[in-house]
C-alpha cells in the first residue's frame, strides 16, 4: 500500500534520503520536526502464511522466504553453535512500507559478525517512486522502525541489502513518492496530486529512526511536468490535473514531479530523480472510435481463464470485443486467428482485425494492464480494420481506422 504522509525532515549526509545543504548538494534529510525525535510507534505486524525454518551453525548459511522476497546470509563465525532460525511473513506496518514484511526469529540472538539482509523488489514496489528512494527498516521492541545505512542497491538484480547484528521485523519502505500513483478518471474529471516524504531522525552510524511522513519540502522540488493531454497546475509539493473532455490519444498521461537535487542511497548518488503518476482517462466500459469520428462506449465486462482473456461490451443490439491469448498484461499484435482479435458488430456492419479479400492481418495491437487491484485497462489500434456490410448484395467490404480504450472493473482474479 502507498501510505499517506504527515511530517517533514532532513537527514545527515551519511544516510541516504534527502537534504538540501550538503557539500555535494545531494538531497539528504537532517533533524526531524519537534516531537518526533524518538520515532513514530506503529503496531506490530500480523503473521501471514507458513514459517520457514533452517538450522545454521558456526559454518554459516542462508535462510530465505519461500518466494525469496527476503534472504539472510549468516557468515562463518557469526555463531558459536548451531541453532534454529526462521522467517515469517507479516503485514507491513512500516511508515511508507511497500509489499510484504517479515519476522526474522529468534529476536534475541546477537551475531558475532554482521549478517546481510536482502530484499528483492519488483515494479509494483517502486511505482510512483524510484529504487534510489527505497530503504530497509527493522522494528524495535518499542514499535519504532530503524533504517540502517544501505549496504548495496542493485537495480539490475532488483535487490537491496543492509547489514545487521540482530533479528527483528523487517520491511521495505520508500523515502519519497507521488500520491496517488495510478489514477483512473472519466473525461473532464480532476485529481489532486502531492509529493510525499518520510520523516525521521538521524542516529549514529547512519541509522535513521523513522517518524511519520509528510509533504516533500518545497526546496527539494524542481517542477511538475505533464506528458499527455489535459492541463496541469503545479505549486511546490502539490499539483492539480484536469483531464480532457474527450478520450485522449495518449493514455495514460504521465504527471512527473522532478527533484532539483541528486539522491544518495548508501555510497551511490542518483541524479535527475523523477516521481511519476500515471493517469488513465476513459469512461468505464469499452469505447471505440471509427475514422476519427465520435466515440461510442459499450457497457463491458472482462473474463479470462487458461491464458485466454476477453473484454466484451454491449449496447442494445450492438457489441464490441477485444480478446488476447497469453499473459494477463502486455502488448499483443493482431492475428488472423481468434488468439488476438477485435470484433465490432453494428447490426449488419461488422469490423474485424483482418481486411481485404486476402484476409490480411491488420496493423496495430492491443495493450493491456491488469496490475491494478480493481481495474483492467487497455488501449488498442486496428489500422486498417476490415469491415463487411451484410445488408448489401453482394456483401460489400472496405477498411477503416479504428482505435479504442477500455476500463473495466475486474470480477474475481483473472
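Tabulated data for the structure shown
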| read-out | value |
| --- | --- |
| Three principal axis lengths of the chain [C-alpha, angstrom, descending] | 89, 50, 32 |
| Modelled FRET efficiency - R0 60 Å, residue 250 with residue 44, Cβ distances, 0.05 increments | 0.85 |
| Kirkwood Rh and Cα Rg combined as Rg/Rh, segment 47-279 | 1.05 |
| Cut-off 16 Å, label 7 Å out along Cα→Cβ of residue 315, residues of segment 339-354 by amide N | 343-351 |
| Estimated distance in nm for a label pair at residue 86 and residue 158, the labels positioned 7 Å out from Cα along Cα-to-Cβ | 2.9 |
| nm² value of the averaged projected area, convex hull over the Cα atoms of segment 210-325 | 12.3 |
| Candidates 347, 242, 287, ranked by Gaussian network fluctuation over the chain, Cα under 10 Å, top entry | 347 |
| Highest-MSF residue in the chain out of 104, 79, 257 [GNM, Cα springs under 10 Å] | 79 |
| Cα→Cβ-extended label distance, 7 Å offset, between residue 235 and residue 122, nm | 4.0 |
| Computed Rg/Rh of segment 231-272, alpha carbon atoms with Kirkwood Rh | 1.16 |
| Fluctuation leader among 209, 337, 267 - the chain, Gaussian network, Cα springs under 10 angstrom | 337 |
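Rule-based calculations on the coordinates, nothing more; no lab input. Just so we're clear, the structure is a prediction, and the values are computed from it rather than from any experiment. Backbone-built Cβ (ideal geometry, glycine too); neighbour counts: all protein chains shown.
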